Every structure is written in C-alpha cells, then in structure tokens.
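Enquirer: Before I ask anything, here is the structure I am working with.
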Amino acid sequence: MAKKSEAKSANRFGTRYGRTLRIKLGKVEAQYRKKLACPYCHYKQVKRVALGIWKCRKCKAEFTASAYSIEKKKAKKQEISE
C-alpha cells in the first residue's frame, strides 16, 4: 500500500513537479494558512491580503510582515572581532 503524501495541499498537482518541491510547497502553504495572532490586539483572525501584507479581521489593522508568516526571524548576534 502506498504511503500517505507529505505534500498536503500540494497534492492537487498530482505527480507533476517532483516530490521535493511539492513537499516544500505544502509546508509553506500550511504556514501561511494557519491561524495567526494579530500583533496589536492578539486576536487570532489575521489573513494574508497579498505577499507580505496582512490584515486583522477584528481591529482592521493592516501591517507588513514576511511573505508567509507574521513571526519575525530572530536576528543572530554577531561578534565583531578586532
């Protein structure tokens, strides 16, 4: 019996484009489709309007973030050696 696909929402492509790309696309789509909390009112009703533009359905706040998630990546601390 065949294994269940890891691609999730990317299964709509069938066998096209390769397994690895479909799995990566499935992870990205799952990330931006999950319920995200608004940084202003902390209500989980944020929807992606366009690439990098997000809008809260409760407080109507519109803000920018990364393309697929609201969470900002933590900056790595670099030590400058002299």
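The values are calculated or read from the model by the stated rules, or taken from the named source; none is laboratory data. Computed from a predicted model, the values in this text were never measured in an experiment. Note: ideal-geometry Cβ built from the backbone for every residue, glycine included; neighbour counts use all protein chains shown.
Enquirer: When both residues are 6+ apart or on different chains and their Cβ atoms are under 7 Å apart, which pairs have a first residue that lies in the range 2-22 and is closer than 19 Å to K34 by Cα, and a second that is part of a loop (DSSP other than H, G, I, E, B) and of a type in the set (G, A, S)?
Expert: N11/S5; R22/A7
Enquirer: In addition: What's the total number of residues in the range 41-82 that are at pLDDT below 90, under 13 Å from the mean Cα position of the chain (by Cα) and among the β-branched types (V, I, T)?
Expert: 1
Enquirer: Against the definition (part of a helix (DSSP H, G or I) and modelled with pLDDT under 90), how does Q31 come out, yes or no?
Expert: Judged against the criteria, Q31 is a match.
Enquirer: How about the range 28-42: which of its residues are in contact (Cβ under 8 Å) with a residue 12 or more places away in the chain and either loosely packed, with under 15 Cβ neighbours inside 10 Å or not aromatic (F, W, Y) (or both)?
Expert: V28, E29, A30, Q31, R33, L36, A37, C38, P39, Y40, C41
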